[in-house]
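Data first, discussion second: the structure below is written as structure tokens.
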Amino acid sequence: MLGKTRKRWKPLPICQSALLLLLLAHYSPSRAQDKGEAWPEISTFVNLTPTTRFYFLSTLSSDQDSHSIQGEFGPNFDVYLRPLLRRRIRNEDPAKNKLFFFRTGYHYLPSFTHDSPNEHRGILEATARVPLIADILASFRSRVELRAIEGQNFSWRFRERLTLEKTVAMREYTFTPYIRAEGYYDSRYGKLTKNSITVGSAFPITKHTEVEIYYEDQRDTSRSPVFHVRGTGVVLNLYF
């Protein structure tokens with residue numbers, strides 16, 4: 001008699017394994033304090049050439065407990081390479097169809113309630129995209145922030161983010177749910193000080209307008225006990 005063929009276990013793709021590890025680290029048992037926030041944002045994108053665009057960020061961070069408000073505003077310049085695929089993945093954001101793009105920018109973070117110091121931040125960022133099975137798109141973003149925080153010495157922060165997203169069609173309407181995991185290395189502490197998990201979706205409104213809604217849980221280990229910031233974000237994306 002022939003024995004039953006044993007199924008061979010196949011390891012998860014690297015990107016899915018990395019996401020799983022970040023999820024496990026994020027929700028590992030620990031005594032923690034919590035804070036709730038809201039993050040409204042307007043992002044404006046203006047195409048300059050077929051491979052370049054201008055991006056302006058305007059966002060607020062509102063602490064629901066202390067009622068403090070901090071903003072983040074600044075211009076960015078994007079350069080991207082050839083298309084990822086011949087077919088378009090998403091009409092609203094042309095960068096979603098690119099294999100790789102680089103961003104540089106300057107952000108100013110003022111405190112409107114004087115509860116936190118103002119900050120000037122330089123941005124250097126690179127994003128690579130890889131199509132996976134079942135039309136899932138993986139994005140790997142590496143970001144360096146050069147930080148001049150009021151009352152502190154110059155510092156920098158390195159952020160590595162993985163995003164898995166998939167465009168879903170319901171009759172003639174499409175939307176894009178996603179999940180993100182991100183880790184933060186802060187030079188002030190010389191270690192990984194924060195990781196975050198984000199779940200959300202982008203909903204097109206018109207050809208040039210999109211609304212993005214997400215929920216994010218940030219786990220801050222720079223102090224003891226571990227500090228969680230949980231917030232809901234609403235982003236209005238404008239494309240020109």
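The values are calculated or read from the model by the stated rules, or taken from the named source; none is laboratory data. None of the values given here were measured: they were computed from a predicted structure. Note that we place each Cβ from the backbone using ideal geometry, even for glycine, and neighbour counts take in every protein chain shown.
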Practice item. Residues being closer than 27 Å to residue 188 by Cα and loosely packed, with under 15 Cβ neighbours inside 10 Å: count how many of those fall in the stretch 200-225. Key: 4
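Only one of these is among the polar types (S, T, N, Q), modelled with pLDDT of 95 or more and within 24 Å of residue 166 (Cα to Cα): 58, 43. Name it.
Exactly one of 58, 43 is among the polar types (S, T, N, Q), modelled with pLDDT of 95 or more and within 24 Å of residue 166 (Cα to Cα), namely 43.
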**Study point:** Any chance residue 163 is more than 29 Å from residue 106 (Cβ to Cβ) and among the β-branched types (Val, Ile, Thr)
**Key:** no
Study note, to complete from the structure: Of all strands (runs of 3 or more DSSP E) fully inside the stretch 145-217, the set with 1 or more residues that are closer than 24 Å to residue 102 by Cβ and at pLDDT 95 or above is 155-166, 173-186, 191-206
Practice item. Name, by its number, the condition in (1) closer than 21 Å to residue 237 by Cα; (2) crowded, with 17+ Cβ neighbours inside 10 Å that does not hold for residue 182. Key: (1)
Exercise for review: Could you tell me which of the residues 147, 141, 129 is of a type in the set (Lys, Arg) and over 25 Å from residue 230 (Cβ atoms)?
Suggested key: 129
**Study point:** Residue satisfying condition, being modelled with pLDDT under 85 and under 28 Å from residue 130 (Cβ atoms), within set 82, 31, 53
**Key:** 82
**Study point:** In the stretch 107-144, the residues that are β-branched (Val, Ile, Thr), loosely packed, with under 13 Cβ neighbours inside 10 Å and either under 20 Å from the mean Cα position of the chain (by Cα) or modelled with pLDDT under 90 (or both)
**Key:** 113
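Looking only at the stretch 201-219, count how many residues are of a type in the set (A, V, I, L, M), within 30 Å of residue 34 (Cβ to Cβ) and out of contact with any Gly (no Cβ under 8 Å at 6 or more places or on another chain).
2
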